[in-house]
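Before any comments, here is the structure.
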Amino acid sequence: MSGTYPRAIVSTTVDLPRAVAVALDGADPNGGTRITTTAAGIPFSALTWGDPAERPLVLIHGITASARIWWRVGPALAGAGRWVLAVDQAGHGLTGHWQGHHRFRDNATDLAAWVRAAGLDVPEVQIVGHSWGGMTAAALPLSGIRPATLVLLDPPAVPHAVISQLVSDPSEQPTPDLATNRDRLAEQNPDWSAGDIHAKAEALTQADIEAARAVLLDNGDWDGGLADISDAAADGIPTWLIRGDPTTGGYVSDSVLPGFAARIGADHILTLAGAPHAPQRTHPAATTAALLRTLA
């Protein structure tokens with residue numbers, strides 16, 4: 001049974017604007033337009049949805065995932081009038097080219113270079129980061145990127161002993177065989193759609209295992225990005241925390257919320273009731289609804 005939380009989001013497509021709901025329901029797991037932009041010596045690949053003339057919105061995935069994790073949420077947000085760009089982080093997806101920059105701030109420095117090279121360092125840009133992507137997004141202001149809105153989607157706030165367990169999690173093991181990954185993930189995650197199983201299976205064929213291990217093992221305790229968003233470099237940036245439900249696999253517990261509330265305001269903390277750590281897979285409508293609230 002999931003908990004009861006203030007500002008909980010429980011949404012279906014009937015609660016969304018029609019254009020957003022249509023895009024969400026009609027999303028193609030293989031959709032989006034690929035672009036490549038080289039920065040910091042890394043050929044960053046990104047999936048895009050929507051009109052480049054619209055307001056830019058950057059989506060950043062987590063460990064052993066890829067831009068494809070946003071295959072439904074990306075086009076849905078484009079339906080709300082955004083030019084959505086989901087980047088493959090270094091060592092992941094079609095970007096590859098791991099540079100050994102496992103520290104969140106170092107990885108953010110590389111990603112900040114991509115933001116600038118892609119022409120996205122503009123006052124109106126909005127940035128959403130999930131999990132490791134949230135930790136990276138939280139550090140972007142220290143590299144001079146000041147988005148109009150910064151959203152952290154279930155950034156892990158857990159001790160090293162917990163996050164390091166993902167190294168041995170069978171569902172997180174990068175392997176080169178797509179069919180093997182797909183069959184294993186389908187068995188382990190019966191509530192995932194075929195599109196989400198394929199996206200994760202593909203990402204596991206692409207992920208650099210040494211990159212994943214370094215990120216998980218060599219960053220100590222994870223604080224959900226709180227220290228970085230508390231730095232003076234992030235002063236004045238409207239920041240939101242959207243978390244999965246801690247009773248169903250979310251990585252942001254009730255105990256850490258006072259620290260976030262003190263920095264970003266309690267009204268900027270949302271909980272996706274009943275959702276796990278990666279809610280865009282199992283709760284895409286609620287995730288989209290929460291993001292639309294933060295990005296308004």
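The values are calculated or read from the model by the stated rules, or taken from the named source; none is laboratory data. None of the values given here were measured: they were computed from a predicted structure. In this analysis, Cβ positions are derived from the backbone assuming ideal geometry, glycine residues included, and neighbour counts consider all displayed protein chains. All accessible areas refer to the heavy atoms of the entire protein, side chains included, with ligands and DNA or RNA removed. Shrake-Rupley method; radii C 1.70, N 1.55, O 1.52, S 1.80 Å.
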query: Given +1 on the Cβ of Lys and Arg, -1 on the Cβ of Asp and Glu, and no further charges, what dipole in debye does the stretch 161-296 carry about its Cα centre, rounded to the nearest 20?
result: 380
field: Per-bin percent of Cα-Cα distances, the stretch 180-296 [5 Å]
entry: 2, 10, 15, 17, 20, 17, 12, 6, 2, 0
message: Pairwise over distinct Cα atoms, reciprocal of the mean inverse distance: report the Kirkwood radius of the stretch 20-132 in Å, one decimal place.
response: 14.0
- request: Take the Cα pairs of the chain, get the Kirkwood Rh, then feed it into Stokes-Einstein at 25 °C and 0.890 mPa s and tell me D in µm²/s.
  value: 132
field: Accessible surface, 1.4 Å probe, highest first, among residues His102, His92
entry: His102, His92
- line: Ranking Arg105, Arg243, Arg82 from most to least accessible area with a 1.4 Å probe gives Arg105, Arg82, Arg243
field: Local electrostatic count, Thr95, Cβ distance below 13 Å [Lys/Arg +1, Asp/Glu -1]
entry: -1
field: Amide H contacts of Thr271 (H built 1.01 Å from N, under 5 Å, at least 5 apart or other chain)
entry: Ala8, Ile9, Arg243
message: Around Asp183, under 14 Å between beta carbons, what's the net of Lys plus Arg minus Asp minus Glu among the other residues?
response: 0
query: Give or take rounding to whole Å, what are the principal axis extents of the alpha carbon atoms in the stretch 114-185, in descending order?
result: 43, 30, 16
- request: With only Lys, Arg, Asp and Glu charged, each at its Cβ (+1 for the first two, -1 for the last two), find how big the charge dipole of the stretch 86-151 is about the Cα centre; round to the nearest 20 debye.
  value: 140
message: To check my understanding: the extent here is largest minus smallest coordinate of the Cα atoms along each principal axis. What are those three numbers for the stretch 158-206, in Å, largest first?
response: 32, 24, 14
query: Ordered by residue, what ³J(HN,Hα) values in Hz, to whole numbers, does the stretch 95-109 give under the Karplus form 6.51 cos²θ - 1.76 cosθ + 1.60, where θ = phi - 60° and Gly and Pro are x?
result: 7, x, 6, 4, 9, x, 8, 7, 5, 4, 5, 5, 5, 5, 4
